[in-house]
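The values are calculated or read from the model by the stated rules, or taken from the named source; none is laboratory data. What you see is a predicted model, and the numbers here were worked out from it, not measured in a lab. Cβ placement follows ideal geometry from the backbone for every residue including glycine, while neighbour counts extend to all protein chains displayed. Note: accessible area is taken over every heavy atom of the protein model, side chains too, but ligands, DNA and RNA are not part of it. Shrake-Rupley method; radii C 1.70, N 1.55, O 1.52, S 1.80 Å.
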Amino acid sequence: MFGHKTSAAGLSVLSNTLLIVLKLVAGILSGSVSIIAEAIHSTNDLMAALIAFFSIRMASKPADKEHPYGHGKIEDISGTIEAVLIFLAAGFIIYEAIDKIINKAEVEQLWLGIAIMSISAIVNLVVSKHLLRVAHREDSIALEADGRHLTVDVVTSVGVALGLLVVELTGLHILDPIIAIAVALLIL
């Protein structure tokens, strides 16, 4: 069902939407800037997935009078847009993390955050592997960019979950914004 380019891109949109909601709830309830950073990262992933979804639909249109060689280049443009989104998200995360360091914010309900970040890592691992398979089979730059983007999200989700576990075990709340900055740097 999700083996076609458009369906795979739709799966990415659906999974990112669900993960954003989960991360925002966990981030707000816990006050964790690293979880909020991941929510921002997932919002970035959602925008990238939407761009990929629509660019794939446009690229699949046959050649016409205005586009005698087809619409395939739109997928290349979507990859460039995704790169710009990555830089913007990373800048915002770093800004918020520095604010948390300055204001010495503490994190609460860490186990909720750890659980949500673990779920996020698993979902993104499954979806990213699927997107990369379809991208290679269908020769889709947009899906490959989206799949690689989600692969990075797996790593950052695991990193945030482990960081929150360390905060829970040590009580060193400053680690949360430091982890958020590390997430931003990894995103870059």
Please tell me if LEU169 is without any contact (Cβ under 8 Å) to a residue 24 or more places away in the chain and either more than 14 Å from GLY31 (Cα to Cα) or buried (at least 16 other Cβ atoms within 10 Å of the Cβ) (or both).
yes
If you go through region 4-45, how many residues are more than 17 Å from ALA90 (Cβ to Cβ) and of a type in the set (D, E, K, R)?
1
Among (1) out of contact with any His (no Cβ under 8 Å at 6 or more places or on another chain); (2) open to solvent by less than 10 Å² (accessible area, probe 1.4 Å), the one test that ASP45 misses:
(1)
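Specify the residue that is most open to solvent (accessible area, probe 1.4 Å); the eligible residues are those in region 1-24 that are in a helix (DSSP H, G or I) and over 23 Å from LEU186 (Cα atoms). Before the answer, list the steps.
At the first step, the residues of region 1-24 found to be in a helix (DSSP H, G or I) are 5-24.
Then keep just the ones that are over 23 Å from LEU186 (Cα atoms); that gives 5-11, 14.
Working: LYS5: 34, THR6: 37, SER7: 39, ALA8: 0, ALA9: 0, GLY10: 26, LEU11: 35, LEU14: 113 Å².
Here the residue is LEU14.
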Please indicate, with yes or no, whether at least one residue in region 53-60 is aromatic (Phe, Trp, Tyr), closer than 14 Å to HIS149 by Cβ and either modelled with pLDDT under 80 or assigned to a loop (DSSP other than H, G, I, E, B) (or both).
yes
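Residues are listed down the side, and each one gets a yes or a no for (1) modelled with pLDDT under 90; (2) buried (at least 24 other Cβ atoms within 10 Å of the Cβ); (3) among the small types (Gly, Ala, Ser); (4) more than 23 Å from ALA97 (Cβ to Cβ):
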| position | (1), (2), (3), (4) |
| --- | --- |
| HIS130 | no, no, no, yes |
| GLU138 | yes, no, no, yes |
| VAL155 | yes, no, no, no |
| LEU162 | no, no, no, no |
| ALA182 | yes, no, yes, no |
So ILE187 ticks every box in (1) farther than 30 Å from PHE54 by Cβ; (2) under 14 Å from the mean Cα position of the chain (by Cα) but one. Which box is left unticked?
(1)
Out of ILE119, ILE102, ILE77, sole residue that is open to solvent by 60 Å² or more (accessible area, probe 1.4 Å) and under 14 Å from ASP153 (Cα atoms):
ILE119
Listed residues LEU14, LEU18, LEU22, LEU29; which is at pLDDT 90 or above, over 11 Å from the mean Cα position of the chain (by Cα) and more than 28 Å from ILE181 (Cβ to Cβ)?
LEU14
